[in-house]
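Peer 1: Take this structure, written in structure tokens, and hold onto it; I'll ask about it next.
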Amino acid sequence: MTQVRDTRYMQGNEAIAEGAFAAGARFFAGYPITPSSEIAEICSRRLLELGGVYMQMEDEIASMGAIIGASFAGVKAFTATSGPGFSLMQENIGLAIMTEMPCVIVNIQRSGPSTGLATKPAQADVMQARWGTHGDHAIIALCPTSVQDCYDLTITAFDYAERFRSPVVLLADEIVGHMRERVVLGAPTAQAATRRKPYDGEPGKYMPYLAGDDGVPSFAPPGLADLGRANSSMHDETGFANNTPDNATRVIRRLYDKVYRAAGEICLTREYMTGDCDVAVVSFGATARAARAAAMAAREEGIKAGCLTIVTMWPFPDVAVTRVCGRAKAIVVPEMNLGQVAGEVRRVSCGPRIVGVNKVNGEGIRPVEILEAIRGTLS
Amino acid sequence: MTESKAPRGANRAYKRFLLQRALPHFWCPGCGNGVVLGAIVRALASLGLSPSQVVVVTGIGCWGKADDYLNVNALHGTHGRALPLATGVKVNRPDLTVLALMGDGDCATIGGNHLLHSARRNIGVKAIVVNNLNYGMTGGQYSSTTPGDKITSTSPFGDPERGLDIAGVAAVAGANYVARSTVYHAAQTETYIKEAITAPGFGLVEVLSTCPTYFGRLNSMRTAVESMNWLKSAAVTAKAAGGMSPDDLRERIVIGRFCSRTDPDFNQRYEEIRQRARDRGFRTREVVSGR
Ligand SMILES: Cc1ncc(C[n+]2csc(CCOP(=O)(O)OP(=O)(O)O)c2C)c(N)n1
Ligand code: SF4
């Protein structure tokens, strides 16, 4: 299939919606919340055109439930929300993990706790994305830094969701969601519209949770001769309850390992002037743009600064962070929270000094603030 | 069981829907859940459905374990969320029969908001609610349907709250089909389930049931038989109830069909909207079955 490329000027939220459609998503269920509402609005119109369905649910709990039901029915589905809504979704995100239902949850982060500085940007749901739902589990989360990323990473999110039969969080922030930039859209590929792991075994022999070597079971939507089964409770390969200690260990470990064993492929990062850097700036989302500007300004002052942009937040890119930070004398971690990512950086790179640039006042971090921190590491 | 005496044909077809190997079930002796399970499998069989055409979505609770015994597509979800899950299935696969099996706690207490909106939306899901007037699974605490003053493990001297009329709420909120029966009225329960499945839009069948282990024992019905007798004697048909005073009705259970409408369901209305968009010049694609 030839790629028809189409360049447009659009908003991050719009690019996310278009990315989802390009990935084959045909069902959206959500509950409006700023700064994610544009995604719902675009879906209400575009899904009519695309032969899909937009549903405005009674709350985020229902929205998350409905996309799991849609995924069980064999459809690519997603929802979009912001902090408080993401909190409401958590129990059912656990359900998607346990039942292995591919789906995408877009969280356009805003300030908190609670209603907080409603609609103002923040990057404070890093840990909520990782540990918001109870129990030991793995999760995949991606952080766009630009409108182009919003489009591309949404497609990647659906790709990972299908490949690992797992919910995937697109962890954006208000700045990225609301900024407007030029985006190159690719034509949806035929593959993007189909499921990654359709059951193609012998009819009548389907076992909903029988995993292949990659730890991922194949998928048979209802309506086929083989019955689909999904179970929130501890279950074995058949999908029926099995509460033995051995089975529980096997299932929880498999759900964890299917993601963590592939971390090398899932973990996306970008490096900028890191080859010889004395000071490494580790950042994500909109902040990564300020970090690049700061690193460039530092270089002009003769300070060897470089940037590591975290694109895949979860699983945390331990390898890349260790490698880049291992070379540096100091690490600066700017983030619009009080140090959620800095804690992870500290976990994997115990050597150099780690300086946080933290802002929780509803304003973005400016390059000069990061530059000052870079300078400060030398004194 | 008297199945050997039953006539051949339809009456045995229910076996296709029952997972014999999963039996015996985990419910207590005298629990009403088995009666409702029987009514469901007989209803499915007599409608001539095949297991692959049926999706059962359950929440969490004693009744929420019903999917373990059913040979159909099954999605066992979180407590109170069976209706949104079922909504996601039904919207995308209108060709399938989607049943949401919920306890009273599941459907009307923690999931009360979803009940309201599923009925209002008239989504073509069929809710089969087993109302045992308490939370069986967690040890007999009071539910939103526990009648005022009844004793439960969290209302040792009586429930200060008043009970909710599930069927009444569903009917008022806009469900196309609403009926109530009890596990004593097994044949009627089966009829109502069949009617709910064949009616378009949201259908709800509430079945008053026995929980001898908790509700019965704490409310001077020491045996399952006493609970059954209570359901039998408290039941009054909707028709008869029409002529009774609120005082007379206080301790009674009104059974019957409360509404049976043919309003378009959500999927039908969504396609009407899609057509409207097309008429206004929107280029809309045909819906691919199963998308
Ligand atoms: C979010 C959440 N809260 C509480 C529970 C605990 N819980 C499990 S079943 C149940 C009540 C079940 O009552 P009901 O729905 O009436 O079903 P029954 O057991 O009586 O059939 C509760 C409170 C849970 N599983 N999830
Ligand atoms: S506790 Fe009550 S509802 Fe649960 S199985 Fe026992 S009798 Fe039935």
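Each value in this text was obtained by applying a stated rule to the coordinates, not by laboratory testing. This structure is a prediction, so every number in the text was calculated from the model and none was measured. Every residue, glycine among them, receives a Cβ derived from its backbone with ideal geometry; neighbour counts consider all protein chains shown.
Peer 1: Sorted from fewest to most neighbouring beta carbons within 10 Å, what does the list A:Ser232, B:Ser143 look like? Mind showing how you got there, number by number?
Peer 2: On the way: A:Ser232 25, B:Ser143 28.
Ranking A:Ser232, B:Ser143 by Cβ neighbours within 10 Å, fewest first, gives A:Ser232, B:Ser143.
Peer 1: Give me the angle, in degrees from 0 to 90, between the Cα long axis of helix A:37-49 and the longest principal axis of the Cα atoms of chain A, rounded to the nearest 10.
Peer 2: 40 degrees
Peer 1: On a 31 Å Cα-Cα criterion, which of the cross-link pairs A:Lys205/B:Lys90; B:Lys194/B:Lys232; A:Lys120/A:Lys329; B:Lys194/B:Lys239; A:Lys205/B:Lys126 come out too long? Provide the component values of the computation, followed by the final result.
Peer 2: On the way: A:Lys205/B:Lys90 25 Å; B:Lys194/B:Lys232 22 Å; A:Lys120/A:Lys329 34 Å; B:Lys194/B:Lys239 21 Å; A:Lys205/B:Lys126 29 Å.
In this structure, A:Lys120/A:Lys329 lie more than 31 Å apart at Cα.
Peer 1: What number, rounded to the nearest 500 deg cm²/dmol, is the helix-based mean residue ellipticity at 222 nm of chain A, given -39500 (n - 2.57) per DSSP H run of at least four residues and division by all its residues?
Peer 2: -12000 deg cm²/dmol
Peer 1: Just rank A:Asp213, A:Asp318, fewest to most, by other beta-carbon atoms within 10 angstrom.
Peer 2: Values: A:Asp213 5, A:Asp318 15.
Listing A:Asp213, A:Asp318 from fewest to most nearby Cβ atoms yields A:Asp213, A:Asp318.
Peer 1: If you don't mind, there's one more thing I want to ask. With point charges of +1 on the Cβ of Lys and Arg and -1 on the Cβ of Asp and Glu, referenced to the Cα centre of chain B, which listed residue (B:Ile40, B:Gly103, B:Ala235) lies farthest in the positive direction of the dipole?
Peer 2: Selected residue: B:Ile40.
Peer 1: Related question: Per residue Cα convex hull volume for region B:66-136, in cubic angstrom?
Peer 2: Hull volume normalised by residue count: 83 Å³.
Peer 1: Among the DSSP beta bridges whose two residues both lie in the protein assembly as shown, what percent are antiparallel, rounded to the nearest 5? If you can, show how the numbers build up before the last one.
Peer 2: Values: 23 of 91 bridges.
That works out to approximately 25 percent antiparallel.
Peer 1: To continue, here is another question. What Rg and what Dmax come out for the protein assembly as shown when only alpha-carbon atoms are used, in angstroms?
Peer 2: 27.4, 95
Peer 1: Going through region B:209-284, which trypsin sites (Lys or Arg not before Pro) have at most 13 other Cβ atoms within 10 Å and a DSSP loop state? Don't skip to the end; give the middle numbers.
Peer 2: Numbers: sites: B:Arg217, B:Arg222, B:Lys232, B:Lys239, B:Arg250, B:Arg252, B:Arg257, B:Arg261, B:Arg269, B:Arg274, B:Arg276, B:Arg278, B:Arg280, B:Arg283; in loops: B:Arg222, B:Arg250, B:Arg252, B:Arg261, B:Arg280, B:Arg283.
Those that pass, being in a loop and sparsely packed, are B:Arg222, B:Arg250, B:Arg280, B:Arg283.
Peer 1: Could I ask something else about it? In region A:228-339, what % of DSSP beta bridges are antiparallel (nearest 5)? Numbers along the way, then the final one.
Peer 2: Values: 5 of 13 bridges.
Counting only bridges with both partners in region A:228-339, antiparallel ones make up about 40 percent.
Peer 1: State, to one decimal in nm², a quarter of the convex hull surface area for the C-alpha atoms of region B:167-231, i.e. the direction-averaged projected area. Intermediate values should be presented prior to the final figure.
Peer 2: Values: hull surface 19.1 nm².
Across all orientations, region B:167-231 yields a mean hull projection of 4.8 nm².
Peer 1: Right, here's the next one. What nm distance separates the two modelled labels at B:Glu271 and A:Leu268, each placed 7 Å from Cα along Cα→Cβ?
Peer 2: Modelled inter-label distance: 3.8 nm.
Peer 1: Still on this structure, please answer the following. On a 0 to 90° scale, report how tilted helix A:318-327 is relative to the longest principal axis of chain A, with both axes built from alpha carbons and the result rounded to the nearest 10.
Peer 2: 10 degrees
Peer 1: Related question: How big is the charge dipole of region B:1-144 about its Cα centre, in debye rounded to the nearest 20, if each Lys and Arg gets +1 on its Cβ and each Asp and Glu gets -1 on its Cβ?
Peer 2: Numbers: 14 positive and 6 negative charges, 91 e Å.
It works out to roughly 440 debye.
Peer 1: Based on the alpha-carbon set only, what is the convex hull volume of chain A divided per residue, in Å³? Before the final figure, lay out each step's value.
Peer 2: On the way: hull volume 53.7 nm³, N = 379.
It comes to 142 Å³ per residue, whole-number rounded.
Peer 1: Moving on. Evaluate the distance, in nm, between pseudo-label points positioned 7 Å from the Cα of A:Glu41 and of A:Asp213 along their respective Cα→Cβ axes.
Peer 2: 5.0 nm
Peer 1: Can you compute 3J(HN,Hα) from phi for each residue in region A:208-213, using the Karplus curve 6.51 cos²θ - 1.76 cosθ + 1.60 with θ = phi - 60°, rounded to whole Hz and x for Gly and Pro?
Peer 2: Residue by residue, region A:208-213 yields x, 10, 8, 8, x, 4 Hz.
Peer 1: Binning at 5 Å from 0, report for region A:1-126 what percent of all alpha-carbon pair distances ends up in each bin.
Peer 2: So the P(r) values, bin by bin, are 2, 12, 21, 23, 20, 13, 7, 3, 1, 0.
Peer 1: Rounded to the nearest 0.05, what FRET efficiency is calculated for A:Thr194 and A:Leu338 with R0 set to 51 Å and r the Cβ-Cβ distance? It would help to have the intermediate numbers written out before the result.
Peer 2: Values: r = 43 Å, r/R0 = 0.84.
Using R0 = 51 Å, I get an efficiency of 0.75.
Peer 1: Still on this structure: Where the centroid of each part is defined by its Cα atoms, how far is region B:102-132 from region A:1-80 in Å?
Peer 2: Centre-to-centre distance over Cα atoms comes out at 26 Å.
Peer 1: Restricting attention to the alpha-carbon atoms of region A:264-379, what are Rg (one decimal) and Dmax (integer), both in Å?
Peer 2: For region A:264-379, the Cα-based Rg and Dmax read 12.6, 38 Å.
Peer 1: Grab the other residues whose beta carbon is less than 14 angstrom from that of A:Asn243, score K and R as +1, D and E as -1, and report the net.
Peer 2: Numbers: positive: A:Arg250, B:Lys65; negative: A:Asp236, A:Asp246, B:Asp68.
That works out to -1.
Peer 1: I would also like to ask the following. Can you tell me what the convex hull of the Cα atoms of region A:133-247 projects to on average, as an area in nm²? Display every interim value, and only then the final one.
Peer 2: Working: hull surface 39.2 nm².
Taking a quarter of the hull surface, the average projection is 9.8 nm².
Peer 1: Of all DSSP beta bridges located in chain A, what percent are antiparallel, nearest 5?
Peer 2: Numbers: 15 of 51 bridges.
Percent antiparallel among DSSP bridges in chain A is about 30.
Peer 1: Then there is this: Using the Kirkwood radius built from alpha carbon pairs, what does the Stokes-Einstein equation give as D for region B:98-155 at 25 °C and 0.890 mPa s, in µm² per second? Can you show the working numbers first?
Peer 2: Numbers: Rh = 12.0 Å.
D, rounded to a whole number, is 205 µm²/s.
Peer 1: Please identify every one of the chymotrypsin sites (Phe, Trp or Tyr not before Pro) in region B:152-190 that sits in a loop by DSSP and has no more than 15 other beta carbons within 10 Å of its own beta carbon.
Peer 2: Those that pass, being in a loop and sparsely packed, are B:Phe157.
Peer 1: Can I ask one more? Size of the dipole of region A:93-224 about the Cα centre, Lys and Arg at +1 and Asp and Glu at -1 on the beta carbon, nothing else charged, in debye to 20?
Peer 2: On the way: 11 positive and 14 negative charges, 53 e Å.
Approximately 260 debye in magnitude.
Peer 1: Follow-up question, since we're still on this one. Taking the Cβ-Cβ separation of A:Arg254 and B:Gln20 as r and a Förster radius of 35 Å, what is the calculated FRET efficiency to the nearest 0.05? Provide the component values of the computation, followed by the final result.
Peer 2: Details: r = 29 Å, r/R0 = 0.84.
After rounding, the FRET efficiency stands at 0.75.
Peer 1: While we're on this one: From Cα coordinates alone, what are the radius of gyration and Dmax values for region A:8-66 in angstrom?
Peer 2: 11.0, 34
Peer 1: Apply the Karplus curve 6.51 cos²θ - 1.76 cosθ + 1.60, θ = phi - 60°, to the phi angles in region B:175-180 and return the couplings in whole Hz, x for Gly and Pro.
Peer 2: 5, 5, 10, 9, 8, 9
Peer 1: If you don't mind, another one. How far is helix B:266-279 tilted, in degrees, relative to the longest principal axis of the Cα atoms in chain B, given as a value from 0 to 90 rounded to the nearest 10?
Peer 2: That works out to roughly 20 degrees.
Peer 1: Can you give me the P(r) profile for region B:56-190? Cα pairs, bins 10 angstrom wide beginning at 0, each as a whole percent.
Peer 2: That works out to 13, 42, 35, 9, 1, in percent per bin.
Peer 1: Among A:Gly135, A:Gly65, A:Gly339, which one shows the biggest mean-square fluctuation in a GNM of chain A, springs joining Cα atoms closer than 10 Å?
Peer 2: A:Gly135
Peer 1: Counting other beta carbons within 10 Å of each Cβ, put B:Val183, B:Val98 in order, fewest first. It would help to have the intermediate numbers written out before the result.
Peer 2: On the way: B:Val183 25, B:Val98 28.
Ascending number of Cβ neighbours within 10 Å: B:Val183, B:Val98.
Peer 1: 222 nm [θ] for chain B, helices only, -39500 (n - 2.57) per DSSP H run of 4+, per residue, to 500? Intermediate results must be reported in sequence, preceding the final value.
Peer 2: Working: 10 runs with 93 residues, N = 291.
Theoretical 222 nm ellipticity from helices: -9000 deg cm²/dmol.
Peer 1: Something else about it: Using a Debye calculation, one point per C-alpha and no hydration shell, please list log10 I(q)/I(0) for region B:11-114 at q = 0.15, 0.20 Å⁻¹ in order.
Peer 2: -0.60, -1.04
Peer 1: Given charges of +1 on the Cβ of Lys and Arg and -1 on the Cβ of Asp and Glu, with all other atoms neutral, how large is the dipole of chain A about its Cα centre, in debye to the nearest 20? Write out the running numbers ahead of the final one.
Peer 2: On the way: 37 positive and 41 negative charges, 136 e Å.
Computed charge dipole of chain A: roughly 660 debye.
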